[in-house]
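The values are calculated or read from the model by the stated rules, or taken from the named source; none is laboratory data. As the structure is a computational prediction, the values presented were derived from the model and not from experiment. Neighbour counts run over all protein chains shown; Cβ positions are idealised from the backbone, glycine included.
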Amino acid sequence: MDICREFGARIIQHEYINSAKQKNWAAPQCSHEWVLQIDADETLEEGLKEEILKSVLLAGEDTYAFRMPRKNFVLGVWSKQAGLYPDHQTRLFRRDQGKWIEREVHAHVLVAGKIETLKGNILHQGMPHLTNQLRNLDRYTRYEADELKKNNKKFHWSRLFIFPFLVFLHRYLWQQGWRDGWRGLFICTYLAVYAFFMYAKLWEMEELGLEQSPK
């Protein structure tokens, strides 16, 4: 925080419940009309800053937000297949018009007006190494299971065994994850395992009579 203050940033704090609630609280605290949201493991591609500034100046009154493609890096290499690109993200929006959907994890911004598309990419270093990704697997699948429970979704064995297999086939064959070599195999397998544990944790909650997945 000291580094942020050195650059003139205003530091505010709020009790963390989940990502969507935190962002919906934070956005109205911003002092400018337009808000750009990026995560800690994301940066802007060279030239995107200038494109954003120009687009905001020229935006019509009916334009409420801009989306931009995102390059996802898997173990240091940009992965283009398996549905990982262009992976458009709506991250630039008018402060008073955008709101994150109330979701436990992977919430996105909703606006009631036109969304335009920028050309520059967000660079996402979301999978720098396997250890980091395995930690995320436990945490994110817990959030996903809590979201399913919140929406009154019921466990079924087909979701535990058939659905993950279909996820792998869809990502690896239909979305051509195989073209990214062993990284493609890794990401497609990871997404299938992600689906497996998401429903396994929903089963656990139902089996133990829990309202939330155990931490």
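The set of residues in the stretch 8-49 that are under 21 Å from the mean Cα position of the chain (by Cα), part of a loop (DSSP other than H, G, I, E, B) and either among the aromatic types (Phe, Trp, Tyr) or closer than 20 Å to PHE73 by Cβ (or both) comprises TYR16, GLN37, ILE38, ASP39, ALA40, ASP41, GLU45.
One line per residue, one yes/no per condition, for (1) closer than 27 Å to LYS21 by Cα; (2) at pLDDT 95 or above; (3) surrounded by fewer than 19 Cβ atoms within 10 Å (Cβ to Cβ); (4) not polar (S, T, N, Q):
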{"residue": "ARG95", "(1), (2), (3), (4)": "yes, yes, yes, yes"}
{"residue": "ALA112", "(1), (2), (3), (4)": "yes, no, yes, yes"}
{"residue": "LEU130", "(1), (2), (3), (4)": "no, no, yes, yes"}
{"residue": "GLN176", "(1), (2), (3), (4)": "no, yes, yes, no"}
{"residue": "ASP180", "(1), (2), (3), (4)": "no, yes, no, yes"}
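When the stretch 50-82 is limited to residues that are part of a helix (DSSP H, G or I) and closer than 27 Å to ALA112 by Cβ, the one that is nearest to the chain's Cα centre (by Cα) turns out to be ILE52. Candidates in the stretch 129-158 are the residues that are of a type in the set (Ser, Thr, Tyr) and free of Cβ contacts under 8 Å to residues at least 40 places away in the same chain; of these, the one that is nearest to GLY60 (Cα to Cα) is THR131. Selection over the stretch 44-86 of residues that are closer than 30 Å to LEU185 by Cα and surrounded by 14 or more Cβ atoms within 10 Å (Cβ to Cβ) gives a count of 20.
If the condition is being of a type in the set (A, V, I, L, M, F, W, C) and in contact (Cβ under 8 Å) with a residue 12 or more places away in the chain, then the stretch 1-50 contributes ILE12, ALA20, ALA26, ALA27, CYS30, TRP34, VAL35, LEU36, ILE38, LEU44, LEU48. Restricting the first member to the stretch 117-128 and to residues that are farther than 8 Å from ASP41 by Cβ and at pLDDT 95 or above, and the second to residues that are small (Gly, Ala, Ser) and surrounded by 17 or more Cβ atoms within 10 Å (Cβ to Cβ), the beta-carbon pairs closer than 8 Å and six or more apart or on different chains are LEU118/SER55.
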